[in-house]
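Novice: I have a structure I would like to understand better, so I am pasting it below and will then ask my questions one at a time.
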Amino acid sequence: MDMSIFLIHCLNALQYGLLLFLVASGLTLIFGIMGVINLAHGSFYMIGAYMAYALAPFVAMTFGGGFFATLFVGLVLAVILGYVLEWAFFSYLYDREHLQQVLMTYGLILVFEELRSMLVGDDVHGVDVPSMLAGTLALGDVMTYPVYRLFVSAVCLMLALGMYLVFTRTRLGMMIRAGSTNREMVQSLGIDIQFLYRVVFAAGMAIAVLAGMVAAPVSSVYPGMGNSVLIICFVVVVIGGIGSIRGALLASLLIGVVDTFGKVLLPEAAGVLVYVLMALILLWKPDGLFKAG
């Protein structure tokens with residue numbers, strides 16, 4: 001394999017792994033910290049992709065356009081929607097059995113799919129790469145690599161650093177970590193655990209929406225696009241360790257490498273290599289790579 005081609009595959013693996021972390025970190029917050037099995041998390045990713053497509057004309061007409069303005073408006077709407085969803089639905093699930101959580105969140109998937117169909121239809125759409133990021137970077141004499149993919153990787157790395165700093169260096173992070181292990185103790189200390197969980201859920205949804213919005217120019221926007229993402233996100237959470245942000249990051253990078261190079265070297269078995277990786281890691285460490293935190 002030529003060195004420039006190998007480098008491109010490495011960059012693709014890194015970009016896919018980091019984008020996967022961007023989606024899975026939101027699920028880690030909701031599933032690992034709040035204890036809710038949220039099957040609708042893939043729909044949040046789909047909502048983000050459709051926001052990138054549908055909000056662009058509105059933002060252009062209202063604020064003069066711009067990809068970054070669209071990202072900002074989409075994130076604000078995602079935080080509001082996440083807060084409302086937690087208040088209206090998820091706040092009733094914390095003390096209930098997992099089966100009830102699964103049924104309710106699966107119902108949300110159906111609702112979001114129907115709303116998507118009514119609002120934007122069932123066609124496949126594309127989102128343009130912003131002009132300032134539309135260039136390519138030369139890799140050797142012939143090969144080039146899109147600048148936008150490097151931008152996606154940079155966004156994911158900044159978010160990973162931001163989440164690490166929030167969880168380890170702030171009072172909010174301390175309260176979130178405490179609330180994930182002993183909810184009653186946190187409440188007895190006078191902390192509004194209900195409000196804290198709403199903040200966590202809104203943040204988790206906003207992260208998934210951001211992932212969908214930045215991924216939209218790379219891939220097409222189509223119905224049901226969140227379903228496959230949901231499955232691989234649960235694989236990330238299980239491999240990394242339920243509730244562990246650093247575990248989710250490492251698991252996402254491992255999956256990115258295995259999936260990318262598996263499609264190149266073993267295309268016939270590429271579809272199962274990720275699950276073989278999960279099985280091997282769970283045989284070695286049944287609780288995942290890291291503990292929650």
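Values quoted throughout were computed directly from the atomic coordinates according to the rules given, and no laboratory measurement underlies them. None of the values given here were measured: they were computed from a predicted structure. Neighbour counts run over all protein chains shown; Cβ positions are idealised from the backbone, glycine included.
Novice: Can you list the trypsin sites (Lys or Arg not before Pro) in the stretch 90-186 that are in a DSSP coil and have 13 or fewer other beta carbons within 10 angstrom?
Specialist: Counting only loop positions with at most 13 other Cβ atoms within 10 Å, the trypsin sites (Lys or Arg not before Pro) in the stretch 90-186 are ARG96.
Novice: Considering the chain as a Gaussian network with a 10 Å cut-off on Cα pairs, which listed residue, GLY226, GLY66, GLY247, attains the greatest mean-square fluctuation?
Specialist: Fluctuation is largest for GLY66.
Novice: Next up: Take the Cα gyration tensor of the stretch 3-284, multiply each eigenvalue by 5, square-root it, and list the three semi-axes largest first, rounded to whole angstrom.
Specialist: 30, 24, 19
Novice: Which one, GLY262, GLY162, GLY74, has the greatest fluctuation when you compute a Gaussian network model over the chain with C-alpha springs under 10 angstrom?
Specialist: Comparing GLY262, GLY162, GLY74 in the GNM, the peak value goes to GLY162.
Novice: Sticking with this one: Determine the principal axes of the Cα atoms in the stretch 148-246, then give the extent along each, sorted from largest to smallest and rounded to whole angstroms.
Specialist: 48, 26, 25
Novice: Taking the chain as a Gaussian network, Cα atoms linked when under 10 Å apart, which of ALA248, ALA134, ALA202 shows the biggest mean-square fluctuation?
Specialist: ALA134
Novice: In the stretch 239-293, what trypsin sites (Lys or Arg not before Pro) fall in a loop by DSSP, with at most 15 other Cβ atoms inside 10 Å?
Specialist: Here the sparse-neighbourhood loop sites are LYS291.
Novice: Something else about it: Most exposed first by the Cβ proxy, i.e. fewest other Cβ within 10 Å, how do LEU139, LEU27 rank?
Specialist: LEU139, LEU27
Novice: Using +1 at the C-beta of Lys and Arg and -1 at the C-beta of Asp and Glu, which of VAL152, PHE112, VAL186 has the Cα lying farthest in the positive direction of the dipole of the stretch 3-284?
Specialist: Positive-end residue among those listed: VAL186.
Novice: Using the 10 angstrom Cβ neighbour count as an exposure proxy, how do ILE37, ILE176 rank, fewest first?
Specialist: ILE37, ILE176
Novice: In what order do ASP122, ASP95, ASP259 fall by count of nearby beta-carbon atoms within 10 Å, going from fewest to most?
Specialist: ASP95, ASP122, ASP259
Novice: Same structure, new question: Compute the signed sum of charges (Lys and Arg +1, Asp and Glu -1) over the other residues within less than 15 Å, Cβ to Cβ, of LEU157.
Specialist: My count for the surroundings of LEU157 gives +2.
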